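The values are calculated or read from the model by the stated rules, or taken from the named source; none is laboratory data. Everything numeric in this text was worked out from a predicted model, so none of it was measured. Note that each Cβ is placed from the backbone with ideal geometry, even for glycine, and that neighbours are counted across all protein chains shown.
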There are 2 protein chains.
Amino acid sequence: MLSAGKMRGLMRIADEEGRFRMMAIDQRGSLKRMLTKVLNREVEHKDLSLVKRTIVKVLSSYSSATLIDPVYGYPWAIKYFPKEVGLLITSEETGADKGGYKDRERKTRLIEGWDISKTRRLGADAVKLLVYYRGDGTEDIVSHQENLVREVGAECAKYDIPFVLELVSYPFKDDEEADNITFARRKPNIVFDYVEEFSKEEYRVDILKVEFPANLKYCKEFANGAFDGKKREPAYDLSEVKDFCKNVTKLSRVPWVILSAGVDIDEFVENVRLATENGCSGFLGGRAIWQDSVKYYPDIEKVEQHLLTKGVDNFERLYDASKNATPYFEAGSFNGYPEMELDKFGDNWYKDY
Amino acid sequence: MLSAGKMRGLMRIADEEGRFRMMAIDQRGSLKRMLTKVLNREVEHKDLSLVKRTIVKVLSSYSSATLIDPVYGYPWAIKYFPKEVGLLITSEETGADKGGYKDRERKTRLIEGWDISKTRRLGADAVKLLVYYRGDGTEDIVSHQENLVREVGAECAKYDIPFVLELVSYPFKDDEEADNITFARRKPNIVFDYVEEFSKEEYRVDILKVEFPANLKYCKEFANGAFDGKKREPAYDLSEVKDFCKNVTKLSRVPWVILSAGVDIDEFVENVRLATENGCSGFLGGRAIWQDSVKYYPDIEKVEQHLLTKGVDNFERLYDASKNATPYFEAGSFNGYPEMELDKFGDNWYKDY
């Protein structure tokens, strides 16, 4: 049972096959850090806007939908958004407030001055909210994050727009680091935990955008330094990793997609292939697709030329890697397109809607 | 200056060239009358829905946008709406209330139980309102119609969605008939009058959907019965008719498109060609495109086969006829795509929107 706005929104952000081949260009903090490295001056609002507009201009038409923020992105890029490409708008403020254990935990805030009604009003096809989440964190942090998701879920229902919830974990315990085996070992369960939590009906999520449920750099078959030349002790093997993906599929009530979280394109392609061969519905990738092109900024001409070659090539690799993705209408609690039903369907639908 | 929702909406309903090649399947009263002729029983809700769904299924992908009603149409057709095709939703109740001179004048009502917020919520790209209008009618009828347009215009502004206003005149004076030379002679001025009226900023209209500003059956070059075999006394010649089109372009503050109003495809193709060669931005055609196919109902198989051949052919003729249409961003008060500006553009756009 889908309401009319949610159904149309899902159709708009998927491609004709019902698969999600989406691009994210809503980065703010991470893009600013990338630009800081290549510029010998302070990064300004217009630098972020110009990079975002350029990426939309060259690559958006390769995506089934493009995710962008309303602060630096959309107003500058709107005239380059192809009509057929779905539009997702970001809700959360970049970064996070600190709190909890040794002040290492993260609390998400919404963008001040922005809301879901504006997202609907400007003609977007879906809302995206990124929430940092560790289900095993401090209670008040956990419930803060859960309440925020519940709140945004209710707003999306009110404006009848699909809700794409992005979940990102982070190390905060004393024995954890972003790149250590302890955190790598915990990753699958962290992902299972949040997929299970936010699959609950009360959050009213329509698509889960999640991390790959393992760190492939710690997977036996890639631990010899396949992606970055650095050898690591394996935490699991490929067959286990496939089972992790299958388990996400099993736990998720809704279609799920893979985020790129700053990994490079080779690793992201593997993530996408493994996930989509095991029940995932596609990708919503950002930096993995376009980050190498940003190095040429502020030479926009070179940025564009790099996007037109390497960026397009990255997209083509991702299309190929996701060819077995599960169409959204066959994922989660869906049961095939013919079984997808409009909520309140009938002769009085227009009155009851 | 365009707000974000209006800009995106215009881009969504135009094609890549900025031209409008739109199909209307929001007919209710006229479709019911057509079905009454071909069925030997009472026409039911599901008959209208089935015909509408079939037409959307076969022909929608040929249009830059499709207009449909929320009563019989959209809930049945939603799953066949291609993602790339723009979606316009009807606001007015079919038909009209009577009033004014000898009870021959028409007052429009909105669909009860429907409103612009629902249209926005379901993910539509534009709102359409049909208003019967004679500027030389009885004062209270005229102001009723104008008030309704003003009201819908304000709602569209509130929800930031493009407002497509359809204007249809009708004979009501003692010397007028739908098919007589007096009404044919008055037609150009009736159209000029309403285009001028509803070009006023206060109505907040974004696109005018208007009648061809002449009756081609009374144009010297076609008055020998070119379209229906019936000879008529000419009211004007082709050069005058072209000037009528140019005058509509001159009077209209916004892009305008041609409606088909039940004329057959040959006449509509001529209307579209003459209008778009003289400043019009395209068409929003209904019956002229698909009416011949409806005759096969209730044999859906035959309806589909006829749409797939004759319907597609009609579309192709209309594309060709409108190849010189003025892109919306060069029409009315627009001054080319590069000059099109986002309202409230700047670093604080997201707060001010």
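Name the residue that is nearest to B:S281 (Cα to Cα), counting only residues in segment B:1-37 that are away from every other protein chain (no Cβ under 14 Å) and under 17 Å from the mean Cα position of the chain (by Cα).
Our first condition is that a residue be away from every other protein chain (no Cβ under 14 Å); within segment B:1-37, this holds for B:23-25, B:27, B:29-37.
Filter once more, keeping what is under 17 Å from the mean Cα position of the chain (by Cα): B:23-25, B:27, B:29-31.
On the way: B:M23: 14, B:A24: 16, B:I25: 20, B:Q27: 22, B:G29: 27, B:S30: 26, B:L31: 26 Å.
Applying the filter and picking the extreme gives B:M23.
Quick check on this structure: which one of A:K250, A:K344 is basic (K, R) and in a loop (DSSP other than H, G, I, E, B)? It would help to see each step written out before you state the result.
Values: A:K250 fails: in a loop (DSSP other than H, G, I, E, B).
The unique qualifying residue is A:K344.
Of the conditions (1) surrounded by fewer than 18 Cβ atoms within 10 Å (Cβ to Cβ); (2) over 15 Å from the mean Cα position of the chain (by Cα); (3) closer than 25 Å to B:I55 by Cβ, B:V294 fails just one. Which one is it?
B:V294 satisfies every listed condition except (1).
Read through the list (1) away from chain B (no Cβ under 14 Å); (2) at pLDDT 95 or above, then give the number of the only condition that A:N40 fails.
(2)
Anything in segment A:150-179 that is touching a Leu at 6+ places or on another chain (Cβ under 8 Å) and closer than 16 Å to A:I190 by Cβ? List them, or say none.
A:L165, A:E166, A:L167, A:V168
Given the options A:V43, A:V38, name the one that is among the aliphatic types (A, V, I, L, M), touching a residue at least 24 places away in the same chain (Cβ under 8 Å) and more than 19 Å from A:T326 (Cβ to Cβ).
On the way: A:V43 fails: touching a residue at least 24 places away in the same chain (Cβ under 8 Å).
Within the list A:V43, A:V38, the selection yields A:V38.
Looking at segment A:158-180, which of its residues are buried (at least 16 other Cβ atoms within 10 Å of the Cβ), hydrophobic (A, V, I, L, M, F, W, C) and free of Cβ contacts under 8 Å to residues at least 60 places away in the same chain?
If the condition is that a residue be buried (at least 16 other Cβ atoms within 10 Å of the Cβ), hydrophobic (A, V, I, L, M, F, W, C) and free of Cβ contacts under 8 Å to residues at least 60 places away in the same chain, then A:F163, A:L165, A:L167 are the ones that fit.
Name, by its number, the condition in (1) buried (at least 19 other Cβ atoms within 10 Å of the Cβ); (2) without any contact (Cβ under 8 Å) to a residue 40 or more places away in the chain that does not hold for A:L88.
Single failed check for A:L88: (2).
Between B:K102, B:K83, B:K118, which is at pLDDT 95 or above and more than 9 Å from every other protein chain (Cβ to nearest Cβ)?
Details: B:K83 fails: more than 9 Å from every other protein chain (Cβ to nearest Cβ); B:K118 fails: more than 9 Å from every other protein chain (Cβ to nearest Cβ).
One residue alone meets the criteria, B:K102.
When you go through B:N348, B:N324 one by one, which is the residue that is within 14 Å of chain A (Cβ to nearest Cβ) and polar (S, T, N, Q)? I'd like the intermediate steps shown before the answer.
Numbers: B:N324 fails: within 14 Å of chain A (Cβ to nearest Cβ).
The match here is B:N348.
Return the pairs, sorted by first residue and then second, in which the second residue is among the β-branched types (V, I, T) and not in a helix (DSSP H, G or I), the first residue lies in segment A:58-74 and is facing another protein chain (nearest Cβ under 9 Å) and surrounded by fewer than 21 Cβ atoms within 10 Å (Cβ to Cβ), the beta carbons are less than 8 Å apart, and the residues are 6+ apart or on different chains.
Here the result reads none, with nothing in segment A:58-74 linked to a residue that is among the β-branched types (V, I, T) and not in a helix (DSSP H, G or I).
Quick check: is even one residue across segment A:86-99 within 24 Å of A:Y170 (Cβ to Cβ), under 17 Å from the mean Cα position of the chain (by Cα), modelled with pLDDT of 95 or more and of a type in the set (K, R)?
So far as segment A:86-99 goes, no, none of its residues is within 24 Å of A:Y170 (Cβ to Cβ), under 17 Å from the mean Cα position of the chain (by Cα), modelled with pLDDT of 95 or more and of a type in the set (K, R).
Output yes when any residue across segment B:130-150 is closer than 30 Å to A:L2 by Cα and more than 17 Å from the chain's Cα centre (by Cα), and no when none is.
no
Mind counting the residues in segment A:52-93 that are in contact with a Gly (Cβ under 7 Å, 6 or more places away or on another chain) and more than 24 Å from B:E17 (Cβ to Cβ)?
Matching residues across segment A:52-93 total 1.
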